[in-house]
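Asker: Handing you a structure now.
What follows draws every value from the coordinates through simple rules; no lab data is involved. What you are looking at is a predicted structure, and each value in this text was computed from that prediction instead of being measured. Note that we place each Cβ from the backbone using ideal geometry, even for glycine, and neighbour counts take in every protein chain shown.
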Amino acid sequence: MEESVTNSSNSLLQPGTLWSKTKQQTKFARECGALKSIETEHHVIQQDNISFVVRTLSNLARKEQARKKQRQQEHKIGKSVDPFLPCEPDLFVGNISPSHFCLLNKFNVVDNHLLIVTRVFEEQTDLLNLQDFAALVSCMQEIDGLAFFNGGKIAGASQRHKHLQLIPLPFLPNVVHVPIDEAIADISFKDSLGRINSFPFRHKVATLDLPWNDSPTEAAQTMLERYHALLNQVGLETNPQMQQQPAAYNFLVTRNWMLVVPRSQETFQNIPVNSLGFAGSLFVRDREDLQLLKELTPLRLLAEVAFS
């Protein structure tokens, strides 16, 4: 890597360079072996007006082995291990803001999958704040993608250190947007808020019409306000003084909309669900679980890990 994390600790990426830097670092990390991409085959399950993309993970064992090794190390030293502080230098993309930096997702399924991480440790169960959204806006100004946040272990978070994630679009070469975009287009919004007709569980969607080319501050403030409005709408009452989230939830955002779903459990019949599930992207371990998902149907799976 051309610059070390230490040497760049006080320098920010130049505006307009995040995408090229991400691709450059992805190439380097793959060549040196730091990036452990998980190969998948994908299937499409059509239900209502959503084309669910279901990926079968062919070599998930590497990620599970890494988690097991981390747990063993934590048990040995008697405290949590933070893989982001210090981060793995070969995965470091750059500092986005004084409060956040970007890393490549080590066990990526989609190319150029970014983690937007706080430079000082914060809990993944802390509410998102203005600094989080400012960093997110800075990234989304340069990369048109789906961002998401797994609010706690029940919501699919695997690390305690607060981080958002950003996946560039399209999901697949022949899928221009995210699978639920068509369902969102059918929503009758009232005061910028609405529900997806085919989602039989508690959730809320907000529209976004932001000045993406302006300073991140104004857009970040609008996103923060709508984020709190969504949480309150789904029964997760918050206020500006709160730091800790009231309960587990998934949060998703594109340049056009935001979605919040409260979570009741991490898995159903051993099929895990994180934020991407509610965007219409699901993961199963093998063909047996794929068949199970077909029998359950994706919408029932999502309903089982959410609230009615």
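Asker: Distance check, please: which entries in K23/K294; K190/K294; K21/K204; K153/K204; K153/K294; K36/K294 exceed 32 angstrom between their Cα atoms?
Answerer: K23/K294; K190/K294; K21/K204
Asker: Same structure again: Once the Cβ-Cβ distance between S158 and S11 is put in as r, and R0 is 25 Å, what FRET efficiency do you end up with, to the nearest 0.05?
Answerer: With R0 = 25 Å, the Cβ-Cβ based efficiency is 0.30.
Asker: While we're on this one: To the nearest 20 Debye, how big is the dipole of segment 18-305 about its Cα centre, given +1 on the beta carbon of each Lys and Arg and -1 on that of each Asp and Glu?
Answerer: 920 debye
Asker: Another question, if that's okay. Taking the Cα-to-Cβ direction at D186 and at K27 and moving 7 Å from each Cα, how far apart do the two end points lie in nm?
Answerer: Rounded to a tenth, the inter-label distance reads 4.3 nm.
Asker: Could you derive backbone 3J(HN,Hα) for segment 267-274 from the dihedral phi with the Karplus parameters 6.51, -1.76 and 1.60 (θ = phi - 60°), listing whole Hz in sequence and x where the residue is Gly or Pro?
Answerer: Those phi angles translate into 9, 9, 6, 6, 9, x, 9, 10 Hz.
Asker: Efficiency by 1/(1 + (r/R0)^6): what FRET value for W19 and L172, r their Cβ-Cβ distance, R0 = 30 Å, to the nearest 0.05?
Answerer: Taking R0 as 30 Å, the efficiency between W19 and L172 is 0.95.
Asker: Rounded to the nearest 0.05, what FRET efficiency do D214 and I77 have when you use their Cβ-Cβ distance and R0 = 51 Å?
Answerer: With a Förster radius of 51 Å, E is 0.65.
Asker: Another question about this same structure. Would you kindly give the portion of the calculated P(r) for the chain that falls above 27 Å, as a percent of all Cα pairs?
Answerer: Here the long-distance tail beyond 27 Å is 40 percent of all Cα pairs in the chain.
Asker: Which of the aspartates and glutamates could a cross-linker bridge to K27, judged by Cα under 12 Å and excluding same-chain residues fewer than eight apart?
Answerer: D90, D111
Asker: Moving on to the next point. In segment 18-305, what % of DSSP beta bridges are antiparallel (nearest 5)?
Answerer: Roughly 90 percent of the beta bridges in segment 18-305 run antiparallel, per DSSP.
Asker: Using just the helices of the chain, give the 222 nm mean residue ellipticity in deg cm²/dmol: DSSP H runs with n ≥ 4 each add -39,500 (n - 2.57), and the total is spread over all residues, rounded to 500.
Answerer: -9000 deg cm²/dmol
Asker: Could you work out how far apart the two model spin labels at F307 and N197 are, taking each label as a point 7 Å from the Cα in the direction of the beta carbon, and quote it in nm?
Answerer: My value for the distance between the label points is 2.6 nm.
Asker: To continue, here is another question. State the answer as a single residue: which of L12, I180, L293 lies farthest towards the positive end of the charge dipole of the chain, with beta carbon charges of +1 for Lys and Arg and -1 for Asp and Glu, about the Cα centre.
Answerer: L293
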